[in-house]
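The values are calculated or read from the model by the stated rules, or taken from the named source; none is laboratory data. On a predicted model such as this, the values are computed, not experimentally measured, just so you know. Cβ coordinates were reconstructed from backbone atoms using ideal geometry, including for glycine residues, and neighbour counts include every protein chain displayed. We work out accessible area using only protein heavy atoms, side chains counted, and drop any ligands, DNA or RNA first. Shrake-Rupley method; radii C 1.70, N 1.55, O 1.52, S 1.80 Å.
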Amino acid sequence: MTDTGVRLQEPRPSDPTSLGRHRVLGRLGGGGMGVVYLADGPFGRVAVKLIREELADDPDFRRRFQREVQACFRVGGTRTARLVDFELDAARPWLATEFVDAPSLSDHVRAHGKLAADEQLVLAAGLAEALLSIHSAGLVHRDLKPSNVLWTPHGPKVIDFGIAAAADAANLTSSGQFVGTPGWHSPEQVSGQEATGAADIFAWGALLCYAASGTAPFGSGSVEVVLHRVVTGEPSIDRELIAPELRDLVAATMARDPADRPTAADLYTALVGTVPDGVSAPATRILESRPGDTPPSTPTGLPAAGGVARTPPWSATVAGGRAEPPAPARRRHRRLVIGLAVGAVVLLAAAGTAVGLLLNGGGGSEDSDPGEVMFSATEPWRLTIDDQRENGGDVGCTVDITELVSGETLRIPDMWGRKTFQVAQTGDFHWDVNDDACVVTGTAGSGEVALPFAQRAYEGDTLAFEAQGPVIIKSIKELTAEESCDLTLRAVDGRTLDIGTLLPGQNGIELNPGEPTTVYLAESPCDVRVSAGW
Ligand SMILES: Nc1ncnc2c1ncn2[C@@H]1O[C@H](COP(=O)(O)OP(=O)(O)OP(=O)(O)O)[C@@H](O)[C@H]1O
């Protein structure tokens, strides 16, 4: 059993003892694609899916799987289990995602019954957000069902996205065997048409029906019977059981014609703001990553991809709108807006003496307004800006970070998605954001990651790592003729140590810090692996 009672089976003698750098602790389960293990390694606890041998031998599957996994790296947001590592060239490929220590929605409903109206709203909005993240990355989940939704105290987290497409490519259905769980697929999927995002929207509606009533909208029975109902029948939707705010949306998402269904962005927009404050979900918790064990680009102290925010004494987080900005009259310092590009945050670097970072989580100083978040940095620190609308809005996040003594404000404009930057400037800071959906977090230190590690494009700066000599940077996917990748290696005090451009056809490039030191890779425009040697 894990901390929240998720069932864990002992590994079998035939199971691997480790996959890559992840030590296998036990089996979480298995499905059509392979076995899922709980494992422990440099990124903390992860769920590793090891692909079945027959699939691994299928060249179509491998090709599609590689493409989908690369796309999975682009999926951000807080509502999906983050992909942290993978090995695609192994005899049996595997991929590791953030381990979410929470029961699946099906286990939860089995154990505790249907969801109350408040919880349905949490589920509905969370799933809409997850689909928005997945669709924005150009993926379709294709297999959204209660066992692929983990139910955490902070709402749902979706697993297994995009991978089902690879199984389709392997033509698993050629044997006449239906792959997946009937009753969650859309009519067009069951009829063998190409699944688009609209298929996931249909599954969203089916999931809400299930959560509200405890039964699947197309009932149970043999695979053939359920599939027949999906194609020819109407879903059984008990409107009375569905939260009033969701009734029409659920009906719209289950329209037979995919063109008549709303998009993930429509759902998300309709649902933002409907989730009541203080709704409590079951007493489960997401395992925290341990300091020093953080996944690439997930700063220490931040919730791992939407997990429970730890509240150590040295961390302060504020979401726009949730904390009162300081009243203008009480601003004690001149406000100087510097229109710098995001990457220039580090250029603000002042080589401060590193003796620790104190974060004052709101209202702690006599002069501050209630809810105002200020912090003092006496060493380089990390700044994370998380636009939780996931490209759903067209405004982006604009964050003003003001150093209180000098009164200088650094404006970071137009941020989408989630990015983390190393900041070398020290002093006393305050920040303002332009939108409720922008969550800003300051984290002590520069993070720490062991080589080798992977970093996704446009996630901001990597965690800091020790470079004993040259580091090798390789693109995870083959660059097309139009693509190139400008890379900058910086010391944590903000000095640029080396720059280079990774070009199509190149196996990788070497960046050299000159001498052993703690460094990071400044915002990379492509998915890369960073290692100590070739
Ligand atoms: N990131 C994760 N965190 C926690 N548990 C996970 C994670 N990924 C998978 N699991 C668990 O591992 C088990 C097996 O997952 P898998 O996706 O293979 O099962 P499935 O959905 O039943 O099968 P399939 O979708 O392949 O037919 C499930 O119980 C699932 O909850």
Point to revise | For region 11-62 and region 198-232, distance of Cα centres in Å | key: 29 Å
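When the solvent-accessible surface of protein heavy atoms is calculated with a 1.4 angstrom probe, in what order do Ile237, Ile472 fall, highest first?
Details: Ile237 55, Ile472 5 Å².
The most accessible residue leads, giving Ile237, Ile472.
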Point to revise | Label-to-label distance, nm, for residues given as Asn512 and Asp257 (7 Å Cα→Cβ offset) | key: 6.5 nm
Point to revise | Interchain or long-range residues, amide H under 5 Å from Leu25's placed H | key: Leu38, Ala39, Asp40
Check your understanding: Let a ≥ b ≥ c be the square roots of the eigenvalues of the Cα gyration tensor of region 411-494; is it rounded (a/c under 1.5), or, if not, prolate (a/b larger than b/c) or oblate?
Key -> oblate
Exercise for review: Report the local net charge at Phe465: Lys and Arg +1, Asp and Glu -1, summed over other residues whose C-beta lies under 12 Å from its C-beta.
Suggested key: -2
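Among 497-510, 455-468, 258-271, how do they line up by average Cβ neighbours within 10 Å per residue, starting with the highest?
Working: 497-510: 14.2, 455-468: 21.2, 258-271: 18.4.
Ranking, from highest mean packing down: 455-468, 258-271, 497-510.
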Revision key, fill the gap. Counting only protein heavy atoms with a 1.4 Å probe and every protein chain in place, the carbon and sulfur fraction of the accessible surface of region 18-98 in whole percent equals 44 percent
Review point. Residue by residue through region 218-229, which ³J(HN,Hα) values in whole Hz follow from phi under the Karplus form 6.51 cos²θ - 1.76 cosθ + 1.60 (θ = phi - 60°), with glycine and proline marked x?
Key: 10, x, 10, x, 5, 3, 4, 5, 5, 4, 4, 4
Check your understanding: If you plug each phi of region 114-130 into the Karplus form 6.51 cos²θ - 1.76 cosθ + 1.60 with θ = phi - 60°, what whole-Hz ³J(HN,Hα) values come out, in order, with x for Gly and Pro?
Key -> 5, 7, 6, 4, 4, 5, 4, 5, 4, 4, 4, 5, x, 5, 4, 5, 4
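Taking only protein heavy atoms into account and a 1.4 Å probe, give the accessible area per residue of region 190-273 in Å². If you can, show how the numbers build up before the last one.
Details: 3860 Å² over 84 residues.
Heavy-atom accessible area per residue stands at 46 Å².
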Exercise for review: Enter the Cα centre distance for the pair region 459-533 and region 83-120, rounded to the nearest angstrom.
Suggested key: 32 Å
Point to revise | Whole-Hz couplings from phi, Karplus 6.51/-1.76/1.60, listed for region 454-469; x for Gly and Pro | key: 10, 9, 7, 4, 6, 9, x, 8, 6, 4, 7, 9, 7, 10, 7, x
Point to revise | Accessible surface, per residue, of region 453-532 when the full set of protein chains is kept, probe 1.4 Å, Å² | key: 42 Å²
**Study point:** Relative contact order [Cα under 8 Å, 6+ residues apart], region 62-130, whole percent
**Key:** 28 percent
Review point. For Phe429, which sequence-distant residues (separation of 5 or more, or a different chain) have an amide H within less than 5 Å of its own amide H, given hydrogens modelled in the peptide plane?
Key: Phe375, Ser376, Ala377, Leu404
Review point. Taking a 24 Å limit on the Cα-Cα distance, which of the listed pairs Lys49/Lys419; Lys157/Lys419; Lys145/Lys474; Lys114/Lys157; Lys49/Lys477 fall beyond it?
Key: Lys49/Lys419; Lys145/Lys474
Study note, to complete from the structure: Under 5 Å from the placed amide H of Leu463, counting only residues 5+ away or on other chains, we find Ser297
Review point. Using the Cα gyration tensor of region 18-98, with a ≥ b ≥ c the square roots of its eigenvalues, what is the shape: rounded (a/c below 1.5), prolate (a/b larger than b/c) or oblate (neither)?
Key: oblate
Practice item. Determine by what factor the alpha-carbon radius of gyration of region 469-534 differs from 2.2 N^0.38 Å, reporting the quotient. Key: 1.07
